[in-house]
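Engineer: Structure below; questions to follow.
The values are calculated or read from the model by the stated rules, or taken from the named source; none is laboratory data. All of these numbers come straight from a predicted model, not from anything done at the bench. Positions of Cβ are generated from backbone atoms using ideal geometry, with glycine treated the same way; all protein chains shown enter the neighbour counts.
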């Protein structure tokens with residue numbers, strides 16, 4: 001009898017959470033989920049489930065279980081770790097309200113179009129970059145030519161073409177414009193702390209940030225030239241299940257190119273010194289502008305030897 005009453009209470013709490021959910025807020029929060037589950041809730045990979053049209057109470061329960069450890073998964077654990085009950089309810093409301101995979105496929109067939117096709121239009125609200133095979137002026141919110149002029153002040157640290165020659169500074173060439181614009185905004189707001197960058201961004205407008213992001217995004221990134229590392233390779237590709245460390249490949253891809261729409265940066269072409277510094281900063285909390293604490297939840301489980309090994313391996317990515 002007690003078990004039945006408990007189950008009813010759990011069910012009622014899930015229902016109340018669903019009723020208070022905000023699907024529009026869930027849509028914004030789901031950007032991080034799109035890398036694995038697709039921008040429309042339909043995954044392009046057989047490894048990851050479709051969430052579109054799924055029962056909202058079920059989604060909430062799974063997220064809670066990933067967070068509590070009742071359901072284990074090295075990738076979902078850090079994703080769910082910092083989600084509040086409101087976040088879970090919002091995400092569930094968003095995904096449950098989307099057409100299912102079968103409905104999307106039927107709609108696509110009836111119109112003769114692909115649901116994966118990227119619209120060629122002005123950038124969507126909140127995004128600097130749209131993935132589409134169109135001229136740069138149609139893809140980027142910023143002006144590439146204007147960004148080139150403004151980037152002269154960045155050259156000393158990041159290189160004239162965005163490929164830094166100084167190990168302590170990151171290369172920006174070929175980086176996602178979304179990601180660059182966000183970092184600049186975070187440096188200005190204080191969400192990401194750096195005494196040098198704080199001074200550099202203080203007078204930048206949103207337009208300046210978008211222009212700089214557009215310029216660096218279209219530059220050619222230098223391939224990694226470092227030696228590989230066997231331990232680092234294992235961490236990057238497979239993570240460490242015993243420590244609960246998610247594989248880097250999940251967000252940054254096989255070649256380290258990242259996932260632009262999900263806000264996961266490209267990490268190829270970076271120096272080992274810079275990579276080690278960022279991982280250490282995420283680990284000690286001195287850098288905390290990662291979405292939902294994803295990097296902090298991973299880095300805190302890494303030893304100095306782990307950081308050394310995986311940073312060394314990343315420098316070998318082409």
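Engineer: State whether one or more residues within the stretch 293-309 are out of contact with any helix residue (DSSP H, G or I) (no Cβ under 7 Å at 6 or more places or on another chain), modelled with pLDDT under 95 and surrounded by fewer than 16 Cβ atoms within 10 Å (Cβ to Cβ).
Structural biologist: No, that holds for no residue.
Engineer: Determine which member of the set 220, 271, 286 is within 23 Å of residue 165 (Cβ to Cβ) and surrounded by fewer than 18 Cβ atoms within 10 Å (Cβ to Cβ).
Structural biologist: 220
Engineer: A further question follows. What's the number of the only condition in (1) in contact with a strand residue (DSSP E or B) (Cβ under 7 Å, 6 or more places away or on another chain); (2) part of a loop (DSSP other than H, G, I, E, B) that residue 270 fails to meet?
Structural biologist: Here residue 270 clears every test but (1).
Engineer: A further question follows. Of the numbered conditions (1) in a helix (DSSP H, G or I); (2) surrounded by fewer than 12 Cβ atoms within 10 Å (Cβ to Cβ); (3) at pLDDT 90 or above, residue 91 fails exactly one; give the number of that condition.
Structural biologist: (2)
Engineer: Looking only at the stretch 151-184, which residues are surrounded by fewer than 18 Cβ atoms within 10 Å (Cβ to Cβ) and part of a helix (DSSP H, G or I)?
Structural biologist: 152, 153, 155, 156, 157
Engineer: Taking the stretch 239-266 on its own, how many of its residues are within 15 Å of residue 291 (Cα to Cα) and without any contact (Cβ under 8 Å) to a residue 40 or more places away in the chain?
Structural biologist: 1
Engineer: Please specify each residue of the stretch 50-74 satisfying the condition of being part of a loop (DSSP other than H, G, I, E, B), more than 16 Å from residue 30 (Cβ to Cβ) and touching a residue at least 12 places away in the same chain (Cβ under 8 Å).
Structural biologist: 55, 74, listed by residue number.
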